[in-house]
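Before any comments, here is the structure.
The values are calculated or read from the model by the stated rules, or taken from the named source; none is laboratory data. Note that the coordinates shown come from a computational prediction; the quantities given were computed from them, not determined experimentally. No Cβ is skipped: glycine too gets one built from the backbone with ideal geometry, and neighbour counts run over all protein chains shown. Just so you know, the surface numbers come from the protein's heavy atoms only, side chains and all, with ligands and any DNA or RNA stripped out. Shrake-Rupley method; radii C 1.70, N 1.55, O 1.52, S 1.80 Å.
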Amino acid sequence: MILENIIEICVAIDIAILGIAYPIIVDKISNIGDKYSSEYLSVLFNNDFPQKTFSRSIKGRDFEISIFKLTLFLTILTFFFLIFNEQPPFGFDNWFVNNSAKIIVLIFTTFLTIFFFMWLDKVVLYNGKSTSLLKYIILKYNSTKDNDEIKPYYLKAINELTFYAVEKQDEHLQKTLLEFYYQVFKNIRKNHDKSKPLIYPVDLYFLVNRLNSELISSHNKKLQAIEHRAVSAVWLLGEDFEDITISEDTYNWIWQNLYIICDNDKFIKMYWANVNQYFDFRLKYITPEYDKNHTLINDEAIKAKEIERNNFLEFHFALGGLLLYRNQYETIKYIFQFTQSQPPKYVLLPESMTMIFNWFENFRNEFKSRKTPIDIKYYFPELDNLGTRRQVNYWICYYLTLLFVRQYSLNKYYTFHDFISQPNLPEDVLELNNWLDSVSFFKECLKDVLSNKELLQKLNFEKIVTDNKDQIEKFADELKKSIETKIGQKKLYAPLSKDKIKDFELATNKILSKAFEDYKSIFNKENIPESNDNLKLYIKGEITLMSKSAFTDDDITYFDYDSIFANYIAENNINKYIPNSFLTARTKRYLLNIENILIGIEKIIGKNKNAILIGVNLSFEMGTIISKSKYFSILTKISSSDFRIQDVFYILNKKDLPFIEYKESKEKEINDLQLQKINSEYNIYTSVIDINTTENMAIKDNWKFDNKEGNLDLKVQIAIAFLAIIHWRKERDIIQISIASQFKEQGIQTDINELDILRNEDDRK
């Protein structure tokens, strides 16, 4: 068989592809995506066969080449077999070997031609009809594995075609897009772990957000279905009945969308209709289930669902505040009247005053425990600077106050309906106090609502306000009175917390023990022989009143309630009177200055080996001077809470140090004050007595204070009892040296020659 005209035909085809068709098509390739304003169609085209590229790194340099271009290069290279007419190697002589050059050229030209037409089809597809391109990309998306890095780019390209369809009002794409997105969202939700909140791929969030932006500024008439799903949050909330928790990310993106469309009455109505259905059918209360022992078995599921419902309600109360802030009164009117049942049921609006005031307190109180502050979580247009951040809280509370007025417009369809009665008050005293704070703010918001004539007129509330004016205006005052009464009752009958009393005892023991411990070094361990002439100084505990709330649970938390009284006694009794006992017991006093203090100490001590030096409240400078002297070894530094004492020394014999005795409390005192011993070493007792109870009324009368009815600050008596006696010997030599200061008058400085030597015990005898 003879191969004729192979070379002429193949070369002609190759030249036609390379010289004529390729440059024209390359020009078309460079415009891929321009029609759709797409950044990702060119990426997909370069990933399609035969345009798919190979990447190789050679000596640190990256090289890329497409399959089609590589085939073209290889086809051209086969021409070299024709140019260099070599004899077959090893003496081979057969038809295939003798025509091998022509066969190779024929094979590569055939592949090049096939690839060229495939390549041409892809170029036509990416530059052709949008419907064909969309179906092709969807097919590729569905057939690509989830872990393939190219798959997100197919979704991005489909999103771009969606934006193109909205911009150009290309209704031919709508059905295909709706089917695709329905399936995508459905698959994500179906395969999601139901125990966790669902977070969608960011491209889907971005799709819905940009559609909202595009639709708000366009006159969309043909793509109503896409419009509805974008603005009503159908896609993000789901079109199925999967029990999936809405994630914080989803809430944040929905709020961004509402931020964009909040001034569009039509879009907000679409959204409101959808979320009403979602709340009514997908966030229903879970029915309690009990086992045969009447034990609730689905408690966790009930609590989790309640949290979901509250998050959803909070979000939509914030939306009401946003609409009110933007003066969207007609939209609010639609919201107030929207129902999908008869008799009407307004699932996203409060049914009772209890619900209104619970949510009012939730938004009013910026210290409520939440991950993100309200004004950041639900940001409003133009309310994002420091000076206006609390305005977000105000407008949401304003909306809830408007809902309060709306309650008077509701009709009773059932006997159990009660829309305007006083709310059920919380049981927690702390929460009752929060409500009490909210009442004042509520009255201000109500005043603003009633003075907004335009708002009342648009909502047809003028007659309602006029007919119920007295009830509306008295409501807050009656609520305040009810709260105060309940707080008084709760405080009066609240039992003292055993845990808080225990904390008080532990803190008192720790503080007072340390206070006594700090002065152990200045006391003799041996008792001083009893004598009527001995000097005795007394340090005692004290009794005081403190707010009862400090020692009850579920009430206002008091900082340092367990330690403040003990710190006071340690500071004003122990830390003051123990150092001051040296001032009382001194036998001589001299006034020196900082220059001659060491000379004076040396003259007073002399050769006395039993002398010790006690420094009270030594300054840094004085402490440095003594630390560098030979008297540092006999120095004992103590502190005093008496601020008048500064840089004072006492020189005495060790035997003249005092003895401290910790006396037991008397039995009568223990009984009268209901004392409990908390420390046996120092004989410290404490007690906390509720003087508001009947059995303790005599104790209350002893204080002789007027606790009028309605006073919410009830008291308890707290006692810290101990008796420490400081014994000083009658025969003692205690010499005080004060340091002269230019800042205070202390008298005339002592001449150094007038100083007496400290006598030891033998000299005194």
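Values for this structure:
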item	result
Distant-in-sequence amide H partners of Ile678 (H built 1.01 Å from N, under 5 Å)	Ile684, Tyr685, Thr686
Additional length obtainable on full extension of the chain from Ile670 to Ala273, 0.36 nm per residue less Cα span	135.8 nm
Computed E for Ile725/Asn424 - FRET, C-beta separation, R0 60 angstrom, nearest 0.05	0.55
Chain lengthening between Tyr558 and Lys145 when straightened (0.36 nm per residue, less Cα-Cα)	142.7 nm
Stretchable slack from Tyr136 to Glu462, in nm (0.36 nm times residue separation minus alpha-carbon distance)	111.4 nm
Inter-label distance for Leu598 and Asn310, nm, one decimal - labels placed 7 Å from Cα along Cα-to-Cβ	7.1
Amide H contacts of Leu723 (H built 1.01 Å from N, under 5 Å, at least 5 apart or other chain)	Lys663
Karplus-derived HN-Hα couplings along segment 353-362 (A = 6.51, B = -1.76, C = 1.60, θ = phi - 60°), whole Hz, x at Gly and Pro	5, 4, 5, 4, 6, 4, 6, 4, 5, 4
Sparse-neighbourhood loop sites, trypsin sites (Lys or Arg not before Pro) in segment 672-707 - DSSP loop, at most 13 other Cβ within 10 angstrom	Lys704
Low-density loop cleavage sites - trypsin sites (Lys or Arg not before Pro) in segment 596-631, where at most 14 other Cβ are within 10 Å (DSSP)	Lys607, Lys609, Lys628
Estimated FRET transfer efficiency when R0 is 35 angstrom, pair Asn572-Lys481 (beta carbons, to 0.05)	0.25
J(HN,Hα) series, segment 572-580, from Karplus relation 6.51 cos²θ - 1.76 cosθ + 1.60, nearest Hz, glycine and proline x	8, 10, 5, 6, 9, 7, 5, x, 5
Vicinal HN-Hα couplings computed from phi for segment 228-239 (Karplus, 6.51 cos²θ - 1.76 cosθ + 1.60; Hz; Gly/Pro x)	4, 5, 6, 7, 8, 6, 4, 5, 6, 8, x, 9
Residue pairs, from the table Lys525/Lys700; Lys514/Lys715; Lys443/Lys491; Lys194/Lys221, whose Cα atoms sit over 31 Å apart	Lys525/Lys700; Lys194/Lys221
Highest average packing first - 417-425, 193-201, Cβ atoms within 10 Å	417-425, 193-201
Accessible heavy-atom area order of Ile634, Ile268, highest first, probe of 1.4 Å	Ile634, Ile268
Probe 1.4 Å - accessible area at Glu454, Å² to nearest ten	100
Cα shape, segment 131-196, gyration tensor, a/c 1.5 rule	prolate
Ser195 paired with Glu289, simple spin-label distance in nm, labels 7 Å along Cα-to-beta-carbon	1.7
Residue order for Thr694, Thr331 - accessible surface, 1.4 angstrom probe, largest first	Thr694, Thr331
Entries of Lys540/Lys654; Lys630/Lys654; Lys637/Lys730; Lys458/Lys481; Lys345/Lys368; Lys186/Lys222 with Cα pairs more than 28 Å apart	Lys458/Lys481; Lys345/Lys368
Computed label-point distance, nm, for sites Ser629 and Glu167 using a 7 Å Cα→Cβ extension	9.1
